[in-house]
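First comes the structure, then the notes that go with it.
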Amino acid sequence: MSIELLQALPRSPGVWAQAWTRLKNDRVGMVSLGVTLFFIVLVLLAQMGLVAKDWQKEVGTPFAPPHIVGKIADGSQTAVIDAIAGPNVDISDVDPLAPRYKEWQERATKFKATITQKSDTLPLGGDQLGRDVLSKVIKGAQVSITVGLTAALFATLIGTVLGAIGGYFGGRAGDFLEWVYNVFTAIPYILLVFALAAVLKSGPLAGTLGSGAWTVVIILSLVGWTGIYRLVRSEYMKHRSREYVRAAEAIGASHASRMFTHILPNISHVVLVQLSLHVVGFIKAEVILSFLGLGVPIDMVSWGTMLSEAQTELVQGKWWQLVAATAFMAAFVTAFALLTDALRDALDPKLR
């Protein structure tokens, strides 16, 4: 058969092309993909400073309610300012502080004018300092999603590579990786997190890792790879002796090609499920670490710090920051979980 005839024969689509075709037929998967991409674009815009760059500015009155609630009548601030200004009469003969009243009156008038310039309502309300909750929740999405997604990607990469090496080669390499795995899993999870946080935040490496967000990423990556490693190792032990891998070996494929070109696409659904679970879990872990003072620094905002602030605000009946942070977090986590489920179904060889 000539080369021209071989080139004219139809070629079967590859694994990834078939997966994309099946994903496009999944309506839930495509909607989840759209929501996930929306959040990722929002994070990129916040990172470039195009949105939510002024989240620290006090653009509204303290605890400014959302637009749907409307302005809450409260003249307490004006009353306090008027009381501080003092009487507008000449009592210098009996009051030694009378000469200062005029100065206080001018300062109070300027301060009162500043307050009246601030908005009484904001799209999603304001916090106790008058900062816009919408800007805060977008900036918090940048930090929380970046930390959760980056840490999950690093942990998945570490666990997948080590699991592939241990499961495919076995022998001494597999025994050594099993020993490393047992050392990490023998230490309680929370104690390992606290130990790494102490080393990275106050140890000899303190101040060399940039912002506190990167410290959280490193901590979560180093403690989160073990579960992925165990599953990937077992999958590689099952697949390394199957017919398609033997056929790849027969045509001269290298070990790296057999590991990552032939076997990995057939177990990618397992990796994607673990990636989804880790993104969700790491976002929650960032909330806990930030609440304990081991997460992002105080000059940054994340969904975790917003939920921590909302605890005290909720007692005062100010619920909008809690609702905003929870709604944004739930939307992203749910969409990302559904997307990875759809990708798992599209890549699972048993469902082809």
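A short reminder: the numbers here are calculations on the coordinates, not readings from a lab. Since the structure is predicted, the reported quantities are computational estimates derived from the model, not experimental observations. Here Cβ is always computed from backbone atoms with ideal geometry, including for glycine, and neighbour counts include all displayed protein chains.
If R0 is 30 Å, what FRET efficiency do you get for GLN56 and THR334 from their C-beta distance, rounded to 0.05? Result of the calculation: an efficiency of 0.55. Between LYS284 and LYS71, the modelled labels are 4.4 nm apart [label points 7 Å from Cα along Cα→Cβ].
Between GLU178 and TRP20, the FRET efficiency estimated from the beta carbon spacing at R0 = 35 angstrom works out to 0.45.
Grab the other residues whose beta carbon is less than 12 angstrom from that of SER144, score K and R as +1, D and E as -1, and report the net. Taking every other residue near SER144 into account, the sum is +2. Taking amide hydrogens as placed 1.01 Å from N in the peptide plane, the amide H of LEU122 sits under 5 Å from those of HIS67, each at least 5 positions away in sequence or on another chain.
Counting neighbouring Cβ atoms within 10 Å and putting the fewest first, the residues LYS71, LYS284 line up as LYS71, LYS284.
Taking other Cβ atoms within 10 Å as a rough exposure proxy, MET329, MET237, MET259, MET48 sort from fewest to most as MET48, MET237, MET259, MET329. The fewest-to-most ranking of PHE154, PHE282 by surrounding Cβ atoms within 10 Å reads PHE154, PHE282. The Cα center of segment 122-143 and the Cα center of segment 217-277 differ in position by 42 Å. Would you mind estimating how fast segment 251-314 diffuses translationally, via Stokes-Einstein at 4 °C and 1.567 mPa s with the Kirkwood radius over Cα pairs, in µm²/s? Diffusion coefficient, whole number: 88 µm²/s.
Here THR185 and PHE38 are evaluated by their C-beta separation; at R0 = 25 Å the FRET efficiency comes out at 0.10.
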